[in-house]
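Take a look at the structure set out below.
The values are calculated or read from the model by the stated rules, or taken from the named source; none is laboratory data. Please read these numbers as outputs of a predicted model, since none were measured by experiment. Neighbour counts are summed over all protein chains in view; Cβ atoms, including those assigned to glycine, are modelled from backbone coordinates with ideal geometry. Ligands, DNA and RNA are excluded from the accessible area calculation, which covers all protein heavy atoms including side chains. Shrake-Rupley method; radii C 1.70, N 1.55, O 1.52, S 1.80 Å.
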Amino acid sequence: MLRAITREIPASFAHALSAAPPDPPIDVGVARAHHATYCGVLAACGVTVETLPADESFPDACFVEDTAVVVGDRALITRPGAPSRRGEPAAVAAVLGHWLELVYMTEPATLDGGDCLRLGNTIYVGRSGRSNVLGIAQLAALGLRVVEVDLPPGILHLKCVCSPLGPDRVLLAKNTISASTFDASVVWVPPSETYAANAVAIGSHVIMAEGHPHTHDALVDAGFKVHPAPFSEVRKADGSLTCQSIVFER
Ligand code: CIR
């Protein structure tokens, strides 16, 4: 069974981390409505969704992807790169522990799940400001082949510019990182739609950011059933689609 962990949006999401202060500011009510839509689309794609309660102490905790990396029957519980987010993994670990063996990252390693893109037995890891060499080494100890990837300037996480479309296909924004990085075929996202390169693939379904017609059509042409979802408020907090869930088989 495919499962997803998600986490509700707290009122403090209005003060989530962002590279630039959002203008207009985050509307928490709209963010919550978008999040409910996102969870509903996951469920419509056949995923059993478990949504954790919000915690006001952690404005960014809806971005659960950053807190754990699942490989087979194990989950690496990360030590997120942003100090304000270090308390987020505990609640996620408590739930993942029902299903998976937990491996805890130890300090001073840091890693955000948003930097980890898995294709088959290879995991590509962004060398970002959030994931350090020790974090990448502790990820490698899980046994997958690790390929480190340099990110273009100003990019928060690897999956801001690419995301997996199954074991041998990747959705990739043009003019960001080289297609030769990946041992996979590519569905291209044009430069005008870079944000749409972060999408959630569930078998033959893809959940993508609405309002990106070229990427939408490229995914349809590649054979996917495409589900556009709203994203304006998570984008103001430098978030996107994959970061709102941890999807795993159990
Ligand atoms: C942060 O800066 O950590 C959050 N505001 C956004 C995290 C987005 N996570 C992701 O794309 N995996």
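Using a 1.4 Å probe on the protein chains only, how many percent of the accessible area of the chain belongs to carbon and sulfur?
The C+S portion of the solvent-accessible surface of the chain is 54 percent.
Pull up the cross-link candidates among the lysines for Lys159, meaning alpha carbon to alpha carbon under 16 Å and not fewer than 8 places away within one chain.
Correct list for Lys159: Lys174.
Using R₀ = 22 Å, calculate the FRET efficiency as 1/(1 + (r/R₀)^6) where r is the Cβ-Cβ separation of His98 and Leu2; round to 0.05.
Efficiency, from the Cβ-Cβ distance: 0.90.
Which aspartates and glutamates have a Cα lying under 15 Å from the Cα of Lys225, excluding residues fewer than 8 positions away in the same chain?
Glu210, Asp217
Ordering Tyr104, Tyr38, Tyr195 by accessible area with a probe of 1.4 Å, largest first, what comes out?
I get Tyr104, Tyr195, Tyr38, largest accessible area first.
Kindly report, to the nearest 10 Å², the accessible surface of Thr106 as traced by a 1.4 Å probe over protein heavy atoms only.
80
So, for the chain, what is the accessible surface per residue at a probe of 1.4 Å, expressed in square angstrom?
That works out to 41 Å² for each residue.
Stretched out fully, how many nm does the piece from Val28 to Trp188 gain, at 0.36 nm a residue minus the Cα gap?
Value of the extension gain: 54.4 nm.
Sum -39500 (n - 2.57) across every DSSP H segment of at least 4 residues in the chain, then divide by the residue count to get the 222 nm mean residue ellipticity, nearest 500.
Value at 222 nm, helices only: -5500 deg cm²/dmol.
Over the chain, what relative contact order in percent results from Cα pairs under 8 Å that are six or more residues apart?
Computed value for the chain: 21 percent relative contact order.
What is the sum of charges around Val200, taking Lys and Arg as +1, Asp and Glu as -1, for the other residues whose C-beta is under 11 Å from the C-beta of Val200?
Summing Lys and Arg as +1 and Asp and Glu as -1 gives 0.
Fully extended, how many nm does the chain gain between Glu210 and Ser180 (0.36 nm per residue separation, minus their Cα-Cα distance)?
Residue separation times 0.36 nm, minus the Cα-Cα distance, leaves 8.0 nm.
Would you work out which of Thr37, Ala201, Pro230 lies farthest towards the positive end of the dipole of the chain? Charges go on Cβ: Lys and Arg +1, Asp and Glu -1.
After comparing all options, I get Ala201.
May I ask for the distance between the Cα centers of the stretch 142-203 and the stretch 27-96, given as a whole number of Å?
Computed from Cα coordinates, the inter-centre distance equals 21 Å.
If amide H atoms are built 1.01 Å from N in the plane of the peptide, which residues on other chains or at least 5 residues away come under 5 Å of the amide H of Leu119?
Long-range HN contacts for Leu119: Tyr124.
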